[in-house]
Amino acid sequence: MQDHPDVVVAGYAAGTALAAPKPPVSWEKGWWGRIDLDTVCTNYQRGTDIYRACREHAVEVFRDRCEHYTEKVDTGAVGGSQYNENRRSLYCRAMRDYEPFPDE
C-alpha cells in the first residue's frame, strides 16, 4: 500500500507506512477496587514486542483517562459526579504508580 496522507486505515495514523496499531491494554481490579498494576498486559507473553508495546501504551491510557475524568470533575459534569470522582481516583492513582518496566 502506498503512503497517502489523506487515507486512514483503522488503527493507523494517516500518512504513515502502516505502522502497527497500539495493542489493547488490559488489567484486573484487585479486591480493593484499584487497578492491579501487576496484571497490566498479562494477556500477552512477557518479554515479547507486543507485551512491551502494550505496557508502553498503558502509560498513555492511564494518563488520558486521568485527564478525562479530572476534566469532568473540574467542570462539574452533570450526572454521575461520584462516578467521575471514583474514576478519576482510579486512573490518576494508576498513572502515578504505574511503571511499565519495573525490572529494568
Out of everything in the stretch 52-104 that is touching a residue at least 60 places away in the same chain (Cβ under 8 Å) and in a helix (DSSP H, G or I), what residue ends up being surrounded by the most Cβ atoms within 10 Å (Cβ to Cβ)? ALA94
Looking only at the stretch 62-74, filter to residues that are among the hydrophobic types (A, V, I, L, M, F, W, C) and at pLDDT 95 or above; which one of those is nearest to ASP97 (Cα to Cα)? PHE62
Answer from ASP97, ASP103, ASP74 - the residue that is under 18 Å from the mean Cα position of the chain (by Cα) and acidic (Asp, Glu): ASP97
Could you please let me know if VAL59 is modelled with pLDDT of 95 or more and not acidic (Asp, Glu)? yes
Restricting to the stretch 28-58, and then to whatever is in contact with a Pro (Cβ under 6 Å, 6 or more places away or on another chain) and hydrophobic (A, V, I, L, M, F, W, C), can you tell me which residue is nearest to ARG96 (Cα to Cα)? CYS54
Of everything in the stretch 7-51 that's in contact with an Asp or Glu (Cβ under 7 Å, 6 or more places away or on another chain) and part of a loop (DSSP other than H, G, I, E, B), which residue is modelled with the highest pLDDT? TRP27
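The values are calculated or read from the model by the stated rules, or taken from the named source; none is laboratory data. Since we're looking at a predicted model, the values are computed, not measured. When we count neighbours, we look across all protein chains shown, and the Cβ atoms used for this are built from the backbone with ideal geometry, even at glycine.
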